[in-house]
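See structure below.
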Number of protein chains: 2
Amino acid sequence: MQCVKVLGGVLGAAALLGLGIILGHFAIPKGTDLPAPSASASQDLDLEILEAVMGQLDADRIRENLRELSKEPHLATSPRDEVLVQLLLRRWQDPESGLDSAGTSEYEVLLSFPSQKQPNRVDVVGPAGGILFSSQRSEENLTGEQGDPNVVPPYAAYAPPGTPQAVNAAKYGVSGVLVYTDPADINDGKSLPNETFPHSWGLPPSGVERGSYFEYFGDPLTPYLPANPSSFRLDSDNASGFPPIPTQPIGFKDAEVLLCNLQGASAPAAWQGALGCDYKLGPGFRSDGIFPAGSQVNVSVYNRLELRNSSNVLGIIRGAVEPDRYVLYGNHRDSWVHGAVDPSSGTAVLLELSRVLGTLLKKGTWRPRRSIVFASWGAEEFGLIGSTEFTEESFSKLQERAVAYINVDISVFANATLRAQGTPPVQSVIFSAAKQIRAPGPSSLSIYDNWIRYSNRSSPVYGLVPSLGTLGAGSDYAPFIHFLGISSMDIAYTYDRGKTSARIYPTYHTAFDTFDYVDKFVDPGFSSHQAVARTVGSVLLRLSDSLFLPLNVSDYSETLRSLLQAAQQDLGGLLEQHNISLGPLVTAVEKFEEAATVLGQHISALQKGTPDPLQVRMLNDQLMLLERTFLNSRAFPEERYYSHVLWAPRTGSVATFPGLSNACSKAMNTGPRSAAWAEVQRQLSILVVALEGAAATLRPVADLW
Amino acid sequence: MQCVKVLGGVLGAAALLGLGIILGHFAIPKGTDLPAPSASASQDLDLEILEAVMGQLDADRIRENLRELSKEPHLATSPRDEVLVQLLLRRWQDPESGLDSAGTSEYEVLLSFPSQKQPNRVDVVGPAGGILFSSQRSEENLTGEQGDPNVVPPYAAYAPPGTPQAVNAAKYGVSGVLVYTDPADINDGKSLPNETFPHSWGLPPSGVERGSYFEYFGDPLTPYLPANPSSFRLDSDNASGFPPIPTQPIGFKDAEVLLCNLQGASAPAAWQGALGCDYKLGPGFRSDGIFPAGSQVNVSVYNRLELRNSSNVLGIIRGAVEPDRYVLYGNHRDSWVHGAVDPSSGTAVLLELSRVLGTLLKKGTWRPRRSIVFASWGAEEFGLIGSTEFTEESFSKLQERAVAYINVDISVFANATLRAQGTPPVQSVIFSAAKQIRAPGPSSLSIYDNWIRYSNRSSPVYGLVPSLGTLGAGSDYAPFIHFLGISSMDIAYTYDRGKTSARIYPTYHTAFDTFDYVDKFVDPGFSSHQAVARTVGSVLLRLSDSLFLPLNVSDYSETLRSLLQAAQQDLGGLLEQHNISLGPLVTAVEKFEEAATVLGQHISALQKGTPDPLQVRMLNDQLMLLERTFLNSRAFPEERYYSHVLWAPRTGSVATFPGLSNACSKAMNTGPRSAAWAEVQRQLSILVVALEGAAATLRPVADLW
């Protein structure tokens, strides 16, 4: 059963990294490109409008949005998911508070569901074949919502069907996997019913975390192609990335029965948890426990793969001056169950922000300089499917025209502080927004000043600043940053880590993630939701309305320098032994730093004068397209979609450029003429070429190469 | 010996497709982006300037350029090649007729040369081991130039060394290849010394066509990476694309001795030539010939691979209004021997055009709206190496900013008519230029009206028009169109096909391609060179100075429709049998047609008013980037660089979209569930997605996806 705990941990990461949606074709009236009023070509961000938007973002309306969105379970492609599609459409097509246009886009994608006729089950079978114990098939109905017939029973999506029987995993013969979430990891150790929801925000003993066990993202049958009905599809037998063996999640109450009756040597200290017994490694049940000798665990999984139609909903506000520049802001719509926190807390904010902006638009008070695209993605929980299919379908348009992608999935994990992840160019615009808005709560600090108290780092350039996290693949920003090279960010309010070590909010992906849970425990009064709405609103307006794009590309210099230093310190000696020089990489980083500095000075000088609109456009193109220069579709042939040479997954131990780190890890114990060392050199060259190319695009545009 | 003739034919194609150069780093003063005078942001093409440029392009100066360029052999990386690098730099840095800046860029690339110590040789060895016949080691010194010590002996670049001995090829055991050019293919049958150069433009009996036998293009050791000194390199043993067996070209005089003494069955009629005997298939020499029974042909090849530094020369005229938009115009500099036609006839034109434009620039009379980049590529003859390395190094800048690439390699094959190749968007600008300029010769026809007499087609849209050829990979445009998706063209003056069926001008790649050859036989008076200079000059100015880019994207509609019709007619039945529908492809083509039509109407309407500069820029971005939307780097995993879904190499027999045609060819005789049929479906999907994406980028920019 060691796998259970270990996989529990892995699942934590995987599930945290796995929230989901899907697309097709719009059947909506065509927009037209109205002539831009040239008078406004030099118009900058209007601070009065910005203030008005901040003021109009209403906590109560967010709360009401959340109540409606999370009223019923809305698993991807379920009838309620479709109801919410219509809700979004109505909102975005509202004559008084809607957008210029809105429509849906449908994709036919491969999802995985438990069988309705044959429930998945975990039993302990005695030596005579009798069933001695069965796991709960559903969560306990503690607040009424858990009894909704549309609650999907706990399952591990994409885990194959099968009925393995064993007690625990032989090292190389695992035939099935059970997964549970230990109270030590999710409840700060608390495990009793009266210590958990509905008495606190803790996970009840019967709560089971659902999740997708698909290794990649996007529709499994149509990698790199949009999942339109006519698209080429792999046979599901030929698709890759599915778990190889049956897998089933269970609650910690059931896990306790199994785990606390195991025999064998004690598990390592790091594997022990809060179930109230010493965790053993097996094999087999202990003789003094509740199961007779020879009892076995029988796991029955009846999951089925199904092609389903999943919708994205998109809405657009046409830019007045540069309609061909898109600022995208999205979240997924589908949930595992009621999904009040995940994802409806984000969608509630999205709807409130689109209402406020839509109202200004319909009144004629405001129209952004650039186009704003709002998106509600489908089937994210199954593997970022809706957003990925969208990027596959709109690859060229987005690559040519997208300024940035803002993601707000779970908007409030907890109400202590802002948390933001993104690539370096978005740091400055998030900081600007955060400085302008008061943090919720009794203090009079700004969101920025509150944030810096919880999470900070020392920047060589700026001194102490809030710490901007990096983007993994935990939500719909993944295809935007990794596949398309669009500067992206993810914004939320989150925990005081001094108060909880919970891996994530406790009812994550369970039937207990309900409106009341949010209303009572996560964000009573919804002031953190409002703070996120204001932060995102400010970021969005700055990106869409500022004359000069507020993407500070020179903040990449700091990142590159730090990755370079890690390479020098932790890999320099090893590389030298193999006659591989970091010299060209050093030179490339220096070139980038110099070009970014000069460009920054150029922008500052221009901002003091009255720049020509074409000059501004050219400069903004440099800023917008910088992130694209880090893409190399041939850099990581074994990864799907990942092509950003700075943010691809790092498996190597040294915290430097991922291609270099990973290749060095693999080469470390091979001979000097191995293919693995050649790959180290290839990765270095790919990196140097990308950085040189990035520097070149920042230099004066008529410089000779 | 059948291989000889067959390979001769293949070589024809390969060599025609293979003309060459290389790059590194500039050490030149930085340009600066001077503020654009906003007064000129709406300035359109100035017809007076255009007329002035046409008038100043001087035939005598082109002739003098050619004399200097072709004075000595200038094989890639030879001392004379470096002298020409300096000549180009001097011209482009001239204070009175130079460009804004110019510089060189050096790459370290893998070339192939014959050994100086051990000449390649082809001998007939008698049964006793005595040498009965030896091929000529060099061409006859007919005009003095052939005696230059720097003439590289005939060889097949990249053919491996080896000394196979045989008489002719066993079907599956070929150990070496001899290649020659038959007088039937190159001299309209003429083969006698007094019928050939220096008495006519015919190939002398001792002439040998050199060429590169590398299968791909670009530096063989650094695919997809620029060949900078520090770049990762494959071991040459791991590099692919080299011929597997020793190969050597010989003259038709030597070929006659071997071929006319063969015994065996007669070769097929299509393989017969003009050597004055019946070509036999062997094996072995005939008993009544000049070689005793048991004689063998001994081929000794001592070619060596060498890493060499090759330079590109680049020069730029900074655009006044949109310096970040580049119109590129280039040709290679290196030749096999003196290279008067190939490539110096092109470079002579390039230098004259840069002189005329440079003079206007330095006088302050003119500065283009967009930047113009002039390029002299290195090592093209070895496989488009200089241009390919440039595109690898400058991938991001070019993909974001390049408007079009103009290639003029051999500018004059013959003096009958213009010949142009390109993608559909460049047709209209070439036509506009060709209509404006008088054709050389006694008639008073325009170049366009003369052209249509020699080569035309019936366009469903325009009626009878000159026929624009498609781009293969015959010169330096290949990486621009196939790897980067930049609209490209190749322009030259060429043959009256009623007068010659020569595969190419007869002294191609031999030591007889000299200044006198051009001056006496190819273009006496240089009026065809001047006509090409004017055509290219007009195209270049239109692309750089027109307010609206003169790229007629709707001309792609005609191409797509015709490719679709071929698919429907010639593959429709087959596909239907396998339940594969062309419906989605039909829909995608229709969407493209509609979007292109609407965009065309939009442009026409705007042109009637006083469009805002930003509006023009947005529209031009749509036009510029259309070609990029046809790229898919994953479409053809077995091809190197080719990623344009419309212009990748077609090996299938049906003249339709290459991916579809090729996949159908391979699937045709496989079972219905084969991987080959899945590939047909995958190719169809790739195509549909590309066309839908192309249509989407042409639609109004704020249309919802």
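Key figures
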{"read-out": "Out of A:LEU361, A:LEU314, A:LEU307, sole residue that is within 14 Å of another protein chain (Cβ to nearest Cβ) and surrounded by fewer than 24 Cβ atoms within 10 Å (Cβ to Cβ)", "value": "A:LEU361"}
{"read-out": "Search result, residues across segment B:210-244 that are away from chain A (no Cβ under 13 Å) and surrounded by fewer than 23 Cβ atoms within 10 Å (Cβ to Cβ)", "value": "B:ARG210, B:GLU215, B:TYR216, B:SER236, B:SER240, B:GLY241, B:PHE242, B:PRO243, B:PRO244"}
{"read-out": "Filtered residue count, segment B:121-141, keeping only those that are in contact (Cβ under 8 Å) with a residue 60 or more places away in the chain and assigned to a loop (DSSP other than H, G, I, E, B)", "value": "7"}
{"read-out": "Positions within segment B:604-631 being at the interface with chain A (Cβ under 9 Å from one of its Cβ atoms), under 32 Å from the mean Cα position of the chain (by Cα) and of a type in the set (D, E, K, R), in sequence order", "value": "B:ARG617, B:ASP621, B:ARG628"}
{"read-out": "Check on B:ARG617, touching a strand residue (DSSP E or B) at 6+ places or on another chain (Cβ under 9 Å), modelled with pLDDT of 95 or more and part of a helix (DSSP H, G or I)", "value": "yes"}
{"read-out": "Criterion (of a type in the set (A, V, I, L, M, F, W, C), surrounded by fewer than 24 Cβ atoms within 10 Å (Cβ to Cβ) and at the interface with another protein chain (Cβ under 10 Å from one of its Cβ atoms)) met by exactly one of A:PHE395, A:PHE390", "value": "A:PHE395"}
{"read-out": "Residue count, segment B:437-449 (criterion: surrounded by fewer than 22 Cβ atoms within 10 Å (Cβ to Cβ) and in a helix (DSSP H, G or I))", "value": "2"}
{"read-out": "Qualifying positions in segment A:368-397 - of a type in the set (D, E, K, R) and out of contact with any strand residue (DSSP E or B) (no Cβ under 7 Å at 6 or more places or on another chain)", "value": "A:GLU392, A:GLU393, A:LYS397"}
{"read-out": "Tally of residues being in a loop (DSSP other than H, G, I, E, B) and either in contact with a Ser or Thr (Cβ under 9 Å, 6 or more places away or on another chain) or at pLDDT 95 or above (or both) across segment B:639-680", "value": "18"}
{"read-out": "Flag if A:ALA635 is among the small types (Gly, Ala, Ser), touching a Leu at 6+ places or on another chain (Cβ under 6 Å) and surrounded by 21 or more Cβ atoms within 10 Å (Cβ to Cβ)", "value": "no"}
{"read-out": "Criterion: at negative phi, surrounded by fewer than 21 Cβ atoms within 10 Å (Cβ to Cβ) and in contact with a helix residue (DSSP H, G or I) (Cβ under 7 Å, 6 or more places away or on another chain) - qualifying residue of B:GLU82, B:GLU96", "value": "B:GLU96"}
{"read-out": "Inter-residue pairs, beta-carbon under 7 Å, first at the interface with another protein chain (Cβ under 8 Å from one of its Cβ atoms) and in segment B:687-702, second among the aromatic types (Phe, Trp, Tyr) and in a loop (DSSP other than H, G, I, E, B), 6+ apart", "value": "B:ALA696/B:TRP705"}
{"read-out": "Residue check for A:THR559: within 14 Å of another protein chain (Cβ to nearest Cβ), of a type in the set (Val, Ile, Thr) and either out of contact with any Ser or Thr (no Cβ under 7 Å at 6 or more places or on another chain) or over 30 Å from A:LEU351 (Cα atoms) (or both)", "value": "no"}
{"read-out": "Out of A:TYR329, A:TYR302, A:TYR279, sole residue that is under 30 Å from A:VAL426 (Cα atoms) and away from chain B (no Cβ under 14 Å)", "value": "A:TYR329"}
{"read-out": "In segment A:654-686, residue surrounded by the most Cβ atoms within 10 Å (Cβ to Cβ) [restricted to those that are within 28 Å of A:GLY600 (Cα to Cα) and within 8 Å of chain B (Cβ to nearest Cβ)]", "value": "A:LEU684"}
{"read-out": "Qualifying positions in segment A:460-483 - under 30 Å from A:ASN150 (Cβ atoms) and part of a loop (DSSP other than H, G, I, E, B)", "value": "A:ALA473, A:GLY474, A:SER475, A:ASP476"}
{"read-out": "Test: residue in segment B:171-192 that is within 14 Å of chain A (Cβ to nearest Cβ) and either in a loop (DSSP other than H, G, I, E, B) or out of contact with any His (no Cβ under 6 Å at 6 or more places or on another chain) (or both)", "value": "no"}
{"read-out": "Any hit, segment A:484-506, residues being at pLDDT 95 or above and part of a helix (DSSP H, G or I)", "value": "no"}
{"read-out": "Conditions (1) within 31 Å of the chain's Cα centre (by Cα); (2) over 24 Å from B:GLY319 (Cα atoms); (3) away from chain B (no Cβ under 14 Å); number of the one not met by A:ALA596", "value": "(2)"}
{"read-out": "3 or more residues within 14 Å of another protein chain (Cβ to nearest Cβ): qualifying helices (runs of 4 or more DSSP H) within segment A:31-120", "value": "A:79-92"}
{"read-out": "Condition broken by A:LYS362, with the remaining ones in (1) under 30 Å from A:SER643 (Cα atoms); (2) touching a residue at least 12 places away in the same chain (Cβ under 8 Å) satisfied", "value": "(1)"}
{"read-out": "One residue from B:SER105, B:SER70, B:SER78 being touching a strand residue (DSSP E or B) at 6+ places or on another chain (Cβ under 6 Å) and not acidic (Asp, Glu)", "value": "B:SER105"}
{"read-out": "Hey, A:ARG634 at the interface with chain B (Cβ under 10 Å from one of its Cβ atoms) and modelled with pLDDT of 95 or more or not", "value": "yes"}
{"read-out": "Members of segment A:186-204 found to be crowded, with 22+ Cβ neighbours inside 10 Å and either acidic (Asp, Glu) or closer than 17 Å to A:HIS509 by Cβ (or both), listed by number", "value": "A:ILE186, A:ASN187, A:THR196, A:PHE197, A:GLY202, A:LEU203, A:PRO204"}
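To keep it simple, each residue is scored yes or no on (1) within 14 Å of chain B (Cβ to nearest Cβ); (2) touching a residue at least 60 places away in the same chain (Cβ under 8 Å); (3) out of contact with any Gly (no Cβ under 6 Å at 6 or more places or on another chain); (4) assigned to a helix (DSSP H, G or I).
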| position | (1), (2), (3), (4) |
| --- | --- |
| A:ASP519 | no, yes, yes, yes |
| A:PHE526 | no, yes, yes, yes |
| A:ALA531 | no, yes, yes, yes |
| A:SER538 | no, yes, yes, yes |
| A:SER544 | yes, yes, yes, yes |
| A:ALA567 | no, yes, yes, yes |
| A:GLY572 | no, no, yes, yes |
| A:ILE580 | yes, yes, yes, no |
| A:ALA588 | yes, yes, yes, yes |
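Here's the yes/no breakdown for (1) more than 30 Å from A:PHE526 (Cβ to Cβ); (2) not assigned by TED's automatic domain parsing to the domain that holds A:ASN407:
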{"position": "A:SER287", "(1), (2)": "yes, yes"}
{"position": "A:GLN296", "(1), (2)": "yes, yes"}
{"position": "A:SER300", "(1), (2)": "yes, yes"}
{"position": "A:ILE317", "(1), (2)": "no, no"}
{"position": "A:ARG325", "(1), (2)": "yes, no"}
{"position": "A:TYR329", "(1), (2)": "no, no"}
{"position": "A:HIS332", "(1), (2)": "no, no"}
{"position": "A:VAL341", "(1), (2)": "no, no"}
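The values are calculated or read from the model by the stated rules, or taken from the named source; none is laboratory data. All of these numbers come straight from a predicted model, not from anything done at the bench. So basically every Cβ, Gly included, is an ideal-geometry build from the backbone, and we count neighbours across all protein chains shown.
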